[in-house]
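Have a look at the structure below, then the notes.
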Amino acid sequence: MRWILVTLGVGGMALCLTAADSRKRPPNATNLFGIHGMHCEGCAGGIRSELRRLNGVVDAQVSFSNRTAIIRFDTNTVSSNALVKVIQQSGYDITTCPK
């Protein structure tokens, strides 16, 4: 949703209205997360599988050696918070990495 400023009349009275944006957000975003608590490649594979089951995830690469996950996803379908929740529910701690 975005804000639209509308000015009415000569006096310049302004109203702020909300409106659904007819343009959709970019369909793919990429997030990089640090994952703590993985002990082996099996841990990474489990996280990868759980992420790929999530509707809207385009691709998930999880690296045990780097302790990271790189996730491409459709922002119109799934949020970053949902990705974090899936990883945490799998039993791992997560940090967001700076862009």
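Laboratory data are not the source of any read-out in this text; all were calculated from the coordinates shown. Note that the structure is a prediction, hence the values are computed from the model and not measured. Cβ: placed from backbone, ideal geometry, glycine included. Neighbour counts: every protein chain shown.
Being small (Gly, Ala, Ser) and out of contact with any helix residue (DSSP H, G or I) (no Cβ under 6 Å at 6 or more places or on another chain) is the filter here; which residues of segment 61-99 pass it?
Correct list: SER63, SER65, ALA69, SER79, SER80, ALA82, GLY91.
Pick out the one residue from VAL58, VAL62 that is assigned to a strand (DSSP E or B) and either among the basic types (Lys, Arg) or surrounded by fewer than 17 Cβ atoms within 10 Å (Cβ to Cβ) (or both).
Exactly one residue qualifies, and that residue is VAL58.
When only residues in segment 33-48 that are closer than 17 Å to SER80 by Cα and not aromatic (Phe, Trp, Tyr) count, which is surrounded by the most Cβ atoms within 10 Å (Cβ to Cβ)?
So, considering only residues that are closer than 17 Å to SER80 by Cα and not aromatic (Phe, Trp, Tyr), the one surrounded by the most Cβ atoms within 10 Å (Cβ to Cβ) is ILE47.
Name the pairs whose Cβ atoms lie under 7 Å apart, with the first residue in segment 79-91 and farther than 11 Å from LEU54 by Cα, the second surrounded by 14 or more Cβ atoms within 10 Å (Cβ to Cβ) and polar (S, T, N, Q), and 6 or more positions between them or separate chains?
SER80/ASN31
I need every pair where a residue in segment 27-45 that is on the phi > 0 side of the Ramachandran plot has its Cβ under 7 Å from the Cβ of a residue that is hydroxyl-bearing (Ser, Thr, Tyr), sequence separation at least 6 or different chains.
Pairs that qualify, where the first residue is on the phi > 0 side of the Ramachandran plot and the partner is hydroxyl-bearing (Ser, Thr, Tyr), are GLY37/TYR92.
Please go through segment 65-99 and give me each residue that is loosely packed, with under 14 Cβ neighbours inside 10 Å and acidic (Asp, Glu), ordered by number.
The answer is ASP93, and nothing else.
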